[in-house]
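Reviewing the structure listed below.
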Amino acid sequence: MTAKADFTAAEWERLLEAPVIAGMYISMSSPSVLGSIGESMAIAKTFAASLQQAAGNELLTALLADFQNKETAQLAKPHFDTKDPVQLKQEMTSRLQMAVDLLNQKATPEEAQAIRQWLYQVATNVATATKEGGFLGFGAVRVSDAEKAALVELAGVFGVEPTMPTE
């Protein structure tokens with residue numbers, strides 16, 4: 001079993017920010033003010049629901065515990081040096097890849113796979129949190145084409161099979 005102590009403080013911070021960045025990546029793919037609020041709430045709901053699923057995965061349990069602590073949860077707030085959307089997307093992808101690489105290097109294969117799948121689930125939950133497009137709710141879709149594309153990109157980063165949410 002892999003524990004928090006197996007990671008340096010900087011490495012742990014990289015793991016903590018990964019689910020937040022995954023959610024941001026989806027939100028950025030199809031931005032809207034109301035959507036962003038619902039999508040932010042989806043991340044928190046995913047964390048709460050994941051506590052029950054984390055049993056047996058000490059590493060995921062430790063990550064989720066740190067999200068419940070205000071001080072350590074602050075480490076999960078990523079800071080980026082750019083506001084340019086293209087550069088921001090590249091930096092997000094790079095940081096997510098670093099987190100995946102850390103998992104693959106330090107965690108057991110089973111733990112790493114479970115956390116990579118969990119990160120993808122965070123992204124999927126964000127994508128399905130609110131309807132996108134349309135006018136006054138008419139013609140809106142649960143997951144926009146841009147969000148679907150972002151999910152496929154993230155599946156590649158996380159090394160998981162992309163699954164498209166249904167309506």
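Examine the stretch 75-82 for a residue that is at pLDDT below 80 and within 30 Å of residue 9 (Cβ to Cβ), and state whether such a residue exists. Yes, that holds for at least one residue.
For residue 8, the criteria (1) closer than 17 Å to residue 118 by Cβ; (2) modelled with pLDDT of 90 or more hold in every case but one, which is (1). Against the list (1) loosely packed, with under 14 Cβ neighbours inside 10 Å; (2) farther than 16 Å from residue 112 by Cβ; (3) at pLDDT 85 or above, the condition residue 37 fails is (3).
Only one entry of 97, 121 meets the criterion of being modelled with pLDDT of 90 or more, of a type outside the set (D, E, K, R) and closer than 22 Å to residue 9 by Cα, and that entry is 97.
Filtered by the rule that a residue be within 15 Å of residue 152 (Cα to Cα) and surrounded by fewer than 19 Cβ atoms within 10 Å (Cβ to Cβ), the stretch 96-120 gives 97, 117. When you check residue 1 against the structure, is it over 21 Å from residue 103 (Cβ atoms) and either at pLDDT below 90 or of a type in the set (Asp, Glu) (or both), yes or no? Criteria not met by residue 1.
Quick check on this structure: which one of 72, 82, 93 is in a helix (DSSP H, G or I), over 16 Å from the mean Cα position of the chain (by Cα) and either surrounded by 15 or more Cβ atoms within 10 Å (Cβ to Cβ) or hydroxyl-bearing (Ser, Thr, Tyr) (or both)? Answer to the selection: 72. For the stretch 1-25, filtered to residues that are over 20 Å from residue 86 (Cα atoms) and among the charged types (D, E, K, R), the residue that is farthest from the chain's Cα centre (by Cα) is 6.
The values are calculated or read from the model by the stated rules, or taken from the named source; none is laboratory data. Treat the numbers as computed from the prediction; the structure is a model and nothing was measured. Positions of Cβ are backbone-derived with ideal geometry, glycine not excepted, and every protein chain shown enters the neighbour counts.
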